[in-house]
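Comments concern the structure below.
The values are calculated or read from the model by the stated rules, or taken from the named source; none is laboratory data. These numbers were taken from a predicted model, which means no experiment stands behind them. Reconstructed Cβ throughout: ideal geometry from the backbone, glycine too, with neighbour counts over all protein chains shown. With ligands, DNA and RNA removed, areas are computed over all heavy atoms of the protein, side chains included. Shrake-Rupley method; radii C 1.70, N 1.55, O 1.52, S 1.80 Å.
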Amino acid sequence: MRYNFDQIVNRRNTYSLKWDGGELVKAIGYTERFDNETIPLFTADMDLPVPQPLLDALHKTVDHRIFGYSVFPDEYYESIQHWFKKRHDWTIKKEEIVFSPGTVHALHIAVRALTNQGDGVIIQRPVYPPFTAAIEGNGRIVRNNALKCDSDGYYTIDFEDFEAKAKEENTSMFILCNPHNPTGRIFTQEELKRLSDICAENNVLIVADEIHGDLIRKNQTFTPIVKVAKNTDHIITCTAINKTFNVAGLHCTNIIISNPEIRTTFSEEMGMQLPSPFTVAALIAVYNEGEEWLEQLTEYLDETMNYVKTFLAENLPTVKVRIPEGTYVMWLDFRGYGLSSKEVHDRIYKRANVALEDGEMFGEEGEGYQRICIPSPRPLIKEALERIAAEFQDIESKKLLNA
Ligand SMILES: Cc1ncc(COP(=O)(O)O)c(C=O)c1O
């Protein structure tokens, strides 16, 4: 069937963090203004309808009328195996799959179970902020292998620094984000192989957060790190249906751990986790019947990315942006205005009343940047960009006059 992603679905009064979570969002410090006119494009969650087979499966679960404790049927595991074999040529054994009600939850569990207090954990900033919270919140130390950014906004890995950090005493884990949020990089097979080799040589466990792995541009390919690693004993991988199929509220992440000892330690820290019947039904539906929808979604996201890039070039040429290789976030570089971060923030969040994410939330490397999530109907993105553009026209016009 053909999906109409341009259609705006009203999400207010649906317990949505993005649309109804104003008080929480203000308390966390994302923004000080959040009202009925706010366009929220901060959290990575789509304002787009989900695949029809998923809706059918959930309706069937509702119609059953009883929602008791549930278990994982064989079909659950087979659906995961089928998806990763088909999409990524990755053969996963049933026993390697460990359920978690969330990816961030799994990161906390991994840090607690597989490192010691005071250990160093490598991350690559600017990066998804909960990585830092999982490390520091559990009494471990961040070892930041900051990504290098060239003049075209393309991010690469500083391998010399990575190796030095891996060799540092007590460095015991590396949390990889691939595709990388917020820079949008998909690391190449060569980069991944090098990361894996360095970690293996230095006894550093890799936790690969690959939950954006199915959200990539049409001309790109994504390789799970386990596919290029010499052996996978030192790798655990987070996979999830939440980002790909817009079901973050159903809490379904699957951690793939081939090393039995690591799996046992991780699982013991996690404790027994039973699924909700909605979670099981959802995963089986999307991994077996969600591909047609995902193809259409990919096209839509690609078009929206092109739209954003063109809009900025025409209306806010000072703001620099690259089309990301993966993810549905765009990393906007506002540094060309020479304004303080606070001034940029005030113009966007207070005056335009659009809620994005300030770049410094991702680490000091993000200062002067804003992250925008674009998986919303394009008319909404258009309105948000127009509002933002209006607030920077004074500077853009002056620049034009002086040119
Ligand atoms: C890289 C990355 N990991 C994890 C998450 C959150 O996943 P979960 O909702 O499963 O905790 C996000 C959400 O944006 C993310 O971008």
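Figures for the structure shown
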| read-out | value |
| --- | --- |
| Distance between region 269-287 and region 378-395 - C-alpha centres, whole angstrom | 40 |
| Percent RCO, i.e. relative contact order, over the chain, from Cα pairs under 8 Å lying at least 6 residues apart | 24 |
| Greater than 29 Å apart at Cα, pairs in LYS193/LYS320; LYS148/LYS193; LYS167/LYS309; LYS309/LYS350; LYS93/LYS148 | LYS193/LYS320; LYS167/LYS309; LYS93/LYS148 |
| log10 of Debye I(q)/I(0), alpha-carbon scatterers only, for the chain at 0.07, 0.08, 0.10 Å⁻¹ | -0.33, -0.43, -0.68 |
| Estimated FRET transfer efficiency (GLU75, GLU190; beta-carbon r; R0 45 Å; 0.05) | 0.75 |
| Linear extension gain, ASP35 paired with ASN231, 0.36 nm per residue minus alpha-carbon span | 65.4 nm |
| Distance between region 33-101 and region 223-265 - C-alpha centres, whole angstrom | 15 |
| GNM result for the chain, Cα springs below 10 Å: residue of THR279, THR253, THR91 fluctuating most strongly | THR91 |
| Dipole of the chain [Lys/Arg +1, Asp/Glu -1 at C-beta], most positive-end residue of LEU58, PHE72, TYR3 | TYR3 |
| Cut-off 19 Å, label 7 Å out along Cα→Cβ of LYS167, residues of region 184-203 by amide N | 194-203 |
| Cα-centre dipole for the chain with unit charges at Cβ (Lys and Arg positive, Asp and Glu negative), debye to 20 | 420 |
| Of all accessible heavy-atom area on region 66-289, the percent that carbon and sulfur account for (1.4 Å) | 48 |
| Å² of accessible area per residue within region 66-289, as computed with a 1.4 Å probe and no ligands counted | 40 |
| Region 66-289, dipole about Cα centre (Lys/Arg Cβ +1, Asp/Glu Cβ -1), debye to the nearest 20 | 420 |
| Listed residues LEU294, LEU192, LEU24, most fluctuating in the chain (Gaussian network, C-alpha, under 10 Å) | LEU24 |
| Region 317-379 - percent of accessible surface contributed by carbon and sulfur, probe 1.4 Å | 48 |
| Span-rule helices in the chain, defined as complete DSSP H runs reaching 24 Å or more along the axis (Cα) with Kyte mean at least 1.6 | none |
| Contour minus Cα-Cα distance for ALA27 and VAL9 (0.36 nm per residue) | 3.8 nm |
| Two-site label geometry, ASP63 and ASP150: point separation in nm, points 7 Å out along Cα→Cβ | 5.5 |
